[in-house]
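Please read through the structure below; I'll follow up with questions.
The values are calculated or read from the model by the stated rules, or taken from the named source; none is laboratory data. All of these numbers come straight from a predicted model, not from anything done at the bench. In this analysis, Cβ positions are derived from the backbone assuming ideal geometry, glycine residues included, and neighbour counts consider all displayed protein chains.
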Amino acid sequence: MTDLIIQLLSAMNFVLVLIMVAMGLMIIFGLMNVINMAHGEFFLLGAYTVVMTNRLGIGFWPALVLAPLTVGFIGMLIEYICIRHLYHRPLDTILATWGVSLAIKQLIIIIFGPAGLTVAPPLPQMVTVAGIEYPAYRVFIMAIALIIIAVTFYIFLKTDFGLGARAVIANRDMAATLGINTRRMYRTTFAFGSALAGLAGAVMAPVMSCDPQMGLGFFIPAFLSILVGGTGTLYGVLAGGAIVGGGDSLLSFHFSPVAAQVVIFSLAIFLIRIRPQGLLGSKKP
């Protein structure tokens, strides 16, 4: 019973962080029709922001604020310099953001080296959860992920900015006709989605090996979560993240990680085949 509780808590931990990453990716893809191949590297930049603050003696907690601000600003620069010229060429955005991802990885290797780096957990204590001892920092990760997910839902469902964003997603030409500044909406949204990935990387830095390939382990499941859950809806990210992230974590506990990924990828392909718009997505007319 203890192993089952630990397994469920670990699965929930991974699912919540995966949803954070996938929400940022979905917001960019749903609003701008840009498949951001560099999204995993924004996660990477968030983690290495924590590494840098630790080296400078600033500590972990300021990095939780600094990481999303830094990565969001970098995302805004990338959108301004590169992405804004390719909005009407979606295939070119794939190549452009892939090139950006390679450049970020090489820059990380030049500055920090190719080896994995570790960050000491800021909360090394254990807490009692459902009658078992569980790392306090992992509980903190779940708590902050829930807060960020709830805040994101509130912003996009209850605020004027969210209403404008959903209008652009539904029909960008009509939204522009109604006076919405789509250019500013794109820039802000790209920065916001990048910041979500950066924050996710920062909170995961103490429990992962920080290396130049770490972003790939979240980018692929996040993209798969969007396809399974459905594009254009935040609720689809919740469904897709639960299926992809939860299934991968639970199956990895009983089988090898490779076998778990084969099963999850096969399930995702099956779901996409029978419902191309995703579980909660709507069919396009």
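Given the options LEU66, LEU123, LEU86, name the one that is farther than 30 Å from ILE6 by Cα and out of contact with any Asp or Glu (no Cβ under 8 Å at 6 or more places or on another chain).
Details: LEU123 fails: farther than 30 Å from ILE6 by Cα; LEU86 fails: out of contact with any Asp or Glu (no Cβ under 8 Å at 6 or more places or on another chain).
Exactly one residue qualifies, and that residue is LEU66.
Hey, another quick one. Residue check: is ARG172 touching a residue at least 12 places away in the same chain (Cβ under 8 Å), surrounded by fewer than 20 Cβ atoms within 10 Å (Cβ to Cβ) and either within 26 Å of LEU86 (Cα to Cα) or within 18 Å of the chain's Cα centre (by Cα) (or both)?
Values: touching a residue at least 12 places away in the same chain (Cβ under 8 Å): no; surrounded by fewer than 20 Cβ atoms within 10 Å (Cβ to Cβ): yes; either within 26 Å of LEU86 (Cα to Cα) or within 18 Å of the chain's Cα centre (by Cα) (or both): yes.
No, not satisfied.
Something else: For TRP61, all conditions in the list (1) over 20 Å from THR188 (Cβ atoms); (2) hydrophobic (A, V, I, L, M, F, W, C); (3) free of Cβ contacts under 8 Å to residues at least 60 places away in the same chain hold save one; what is the number of the exception?
Among (1) over 20 Å from THR188 (Cβ atoms); (2) hydrophobic (A, V, I, L, M, F, W, C); (3) free of Cβ contacts under 8 Å to residues at least 60 places away in the same chain, TRP61 violates only (3).
Let me spell it out: the conditions are (1) among the aliphatic types (A, V, I, L, M); (2) farther than 22 Å from ALA167 by Cα; (3) more than 14 Å from the chain's Cα centre (by Cα), and MET32 meets all of them except one. Which number is the exception?
Unmet for MET32, out of (1) among the aliphatic types (A, V, I, L, M); (2) farther than 22 Å from ALA167 by Cα; (3) more than 14 Å from the chain's Cα centre (by Cα): (2).
Only helices (runs of 4 or more DSSP H) wholly contained in the range 107-199 count here; list those with 2 or more residues that are under 26 Å from PHE219 (Cα atoms). So that I can check it myself, show each step before the final result.
Details: elements: 136-158, 160-170, 172-177.
Qualifying helices (runs of 4 or more DSSP H): 136-158, 160-170.
Given the condition in contact with an Asp or Glu (Cβ under 9 Å, 6 or more places away or on another chain) and modelled with pLDDT of 85 or more, answer yes or no: does some residue in the range 160-176 qualify? Please lay out each step first, then the result.
Just the residues of the range 160-176 that are in contact with an Asp or Glu (Cβ under 9 Å, 6 or more places away or on another chain), to begin with: none.
No: the range 160-176 contains no residue that is in contact with an Asp or Glu (Cβ under 9 Å, 6 or more places away or on another chain) and modelled with pLDDT of 85 or more.
Please go through the range 38-58 and give me each residue that is more than 17 Å from ILE28 (Cα to Cα) and in contact (Cβ under 8 Å) with a residue 60 or more places away in the chain, ordered by number.
Step one: filter the range 38-58 for residues more than 17 Å from ILE28 (Cα to Cα), giving 44-58.
Matches in the range 38-58: LEU44, LEU45, GLY46, ALA47, TYR48, THR49, VAL50, VAL51, ASN54.
Do we find a residue being of a type outside the set (S, T, N, Q), loosely packed, with under 14 Cβ neighbours inside 10 Å, under 22 Å from the mean Cα position of the chain (by Cα) and more than 15 Å from ALA195 (Cα to Cα) anywhere in the range 112-126?
Taking every residue of the range 112-126 in turn, at least one turns out to be of a type outside the set (S, T, N, Q), loosely packed, with under 14 Cβ neighbours inside 10 Å, under 22 Å from the mean Cα position of the chain (by Cα) and more than 15 Å from ALA195 (Cα to Cα).
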